[in-house]
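Reviewing the structure listed below.
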Amino acid sequence: MIKQSAPIGVFDSGLGGISVLREIHRLLPAEQLIYIADSGHAPYGSKSTEYITQRCLQLSDFLLEQGAKMLVVACNTATAHAIDTMREQKLSVPVIGMEPAVKPAARLTQSGVIGVLATQQTVKSQRLQRLIHDYANGVKVVAQACPGLVEHVEKGDFASLELKGLLADYTTPLIKQGADVIVLGCTHYPFLAAALHEIVGPRITILETSNAVAQHVSRLLIKHELQTSADQQGSVSFYSSKVDAVHRQSMQLLWQQSLELDLLPSHYLTIPPQMPVPDPQ
Ligand code: DGL
């Protein structure tokens with residue numbers, strides 16, 4: 001029997017999911033939230049489906065062990081590659097994922113061209129292809145893989161020249177092809193929105209889905225009768241698979257207040273040796 005006062009577990013390959021966590025916290029301040037940054041294994045965008053799936057299952061185990069009443073996969077790459085397997089295995093609690101905002105972007109575009117910035121593995125995924133097929137009929141979708149951006153966010157860099165150079169490299173082909181809407185298909189990228197706006201200019205609309213996901217969490221809590229009582233004092237606990245001073249500082253910068261950060265228990269830090277999962281490249 002799941003308790004209504006139980007926590008909601010939220011995780012990402014690293015710090016990006018904090019963009020989703022802050023929206024959930026804003027919308028549902030009475031809820032207990034547990035966030036895991038799997039920064040010891042970031043980026044997921046260059047890992048295999050098997051690798052990503054193993055990590056998602058391990059992190060889910062940890063969150064369920066903490067009594068989580070719901071899991072939020074605050075990572076587009078993990079959703080694209082692992083959520084189906086998670087849902088098959090973790091039926092005891094609802095599991096919510098992320099999808100790039102292709103559908104609203106297709107409705108919004110005037111030029112008939114939208115750009116999607118995402119990780120290599122999200123761009124390659126069947127899930128993105130399906131989303132485009134189902135919701136962007138008649139609209140040209142230019143999906144751009146953006147290696148390197150996640151690493152900049154992980155080290156707390158949102159504005160360096162090197163980062164801006166990468167952003168210009170990734171957005172120029174989209175603009176040249178006529179995109180007037182750019183979808184941020186990775187939860188790390190909302191932290192780069194200010195730099196992106198500066199580079200692409202005010203005529204380009206930038207979309208991301210963290211608020212929509214928070215609203216979905218709220219609706220599902222109601223549907224499953226899992227909302228905590230409104231007079232409860234909410235809390236947020238932070239875990240990571242990597243804890244050092246720089247990481248803690250980046251996390252605080254993104255969360256915008258000081259926080260306690262705990263290392264995951266040792267058996268959740270690595271993929272067990274009986275499950276060898278090679279990287280694809
Ligand atoms: N935040 C993850 C996402 O939404 C980044 C994945 C990565 O670590 O490459 O896709």
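The values are calculated or read from the model by the stated rules, or taken from the named source; none is laboratory data. In this text, all values refer to a predicted model and were calculated from it rather than measured experimentally. Note that we place each Cβ from the backbone using ideal geometry, even for glycine, and neighbour counts take in every protein chain shown. All accessible areas refer to the heavy atoms of the entire protein, side chains included, with ligands and DNA or RNA removed. Shrake-Rupley method; radii C 1.70, N 1.55, O 1.52, S 1.80 Å.
Quick check on my link table: of Lys47/Lys155; Lys124/Lys176; Lys103/Lys176; Lys69/Lys103; Lys47/Lys223; Lys47/Lys242, which ones sit more than 25 Å apart, alpha carbon to alpha carbon? Working shown, then result.
Numbers: Lys47/Lys155 20 Å; Lys124/Lys176 22 Å; Lys103/Lys176 22 Å; Lys69/Lys103 29 Å; Lys47/Lys223 35 Å; Lys47/Lys242 18 Å.
Beyond 25 Å between Cα atoms: Lys69/Lys103; Lys47/Lys223.
So what is the accessible area of the chain per residue, in Å², with the probe set to 1.4 Å?
On the way: 12600 Å² over 281 residues.
For the chain, the solvent-accessible area averages 45 Å² per residue.
Excluding the sites themselves, what is the longest stretch of the chain that contains no trypsin sites (Lys or Arg not before Pro) in a DSSP loop with at most 15 other C-beta atoms within 10 Å? The partial results should precede the final answer.
Values: sites that count: Lys3, Lys155, Arg203.
In the chain, the maximal stretch lacking such sites is 4-154.
Using Cα pairs under 8 angstrom and six or more residues apart, how large is the relative contact order of segment 1-130, in percent? Mind dumping the intermediate values first?
Working: 182 pairs, mean separation 35.9, N = 130.
This gives 28 percent for segment 1-130.
If I compute solvent accessible area with a 1.4 Å probe over the protein chains, what percent of it on segment 49-180 is carbon and sulfur?
Accessible surface attributable to carbon and sulfur in segment 49-180 totals 50 percent.
If R0 is 41 Å, what FRET efficiency do you get for Lys176 and Gln89 from their C-beta distance, rounded to 0.05? Walk me through the numbers before you get to the answer.
Values: r = 44 Å, r/R0 = 1.06.
Efficiency computed from Cβ-Cβ geometry: 0.40.
Using a basic spin-label model with each label point 7 Å from the Cα along Cα→Cβ, how many nm lie between Ala245 and Ser5?
3.9 nm
For the full complex of protein chains and a 1.4 angstrom probe, list Leu28, Leu128 by accessible area with the highest value first. All intermediate terms of the calculation are to be shown ahead of the outcome.
Values: Leu28 30, Leu128 5 Å².
Correct descending sequence by accessible area is Leu28, Leu128.
So if I restrict to the alpha-carbon atoms in segment 99-214, what is the Rg, and what is Dmax, the biggest pairwise distance, in Å?
Computed over the Cα atoms of segment 99-214, radius of gyration and Dmax are 13.2, 39 Å.
Would you calculate the convex hull of the Cα atoms in segment 1-116 and tell me its volume per residue in Å³? If you can, show how the numbers build up before the last one.
Values: hull volume 14.1 nm³, N = 116.
Cα convex hull per residue, to the nearest whole number: 121 Å³.
About its Cα centre, how strong a charge dipole does segment 44-201 have in debye, to the nearest 20, once Lys and Arg get +1 and Asp and Glu get -1 at the Cβ? Walk me through the intermediate numbers first.
Working: 14 positive and 14 negative charges, 82 e Å.
Result for segment 44-201 is approximately 400 debye, rounded to the nearest 20.
Counting only other residues whose beta carbon sits under 11 Å from that of His188, what net charge do I get with K and R as +1, D and E as -1?
On the way: positive: none; negative: Asp12, Glu151, Glu154, Glu208.
Around His188, the charge tally is -4.
If you average 1/r across every pair of different Cα atoms in the chain and take the reciprocal, what Kirkwood value do you get, in Å?
Numbers: mean 1/r = 0.0525 Å⁻¹.
Kirkwood hydrodynamic radius for the chain: 19.1 Å.
Using DSSP to call loops (not H, G, I, E or B), can you name the GluC sites (Glu not before Pro) in segment 181-231 whose Cβ has at most 14 other Cβ atoms within 10 angstrom? Please list the in-between numbers first.
On the way: sites: Glu198, Glu208, Glu225; in loops: Glu208, Glu225.
Of the GluC sites (Glu not before Pro), the ones in loops of segment 181-231 whose Cβ has at most 14 other Cβ atoms within 10 Å are Glu225.
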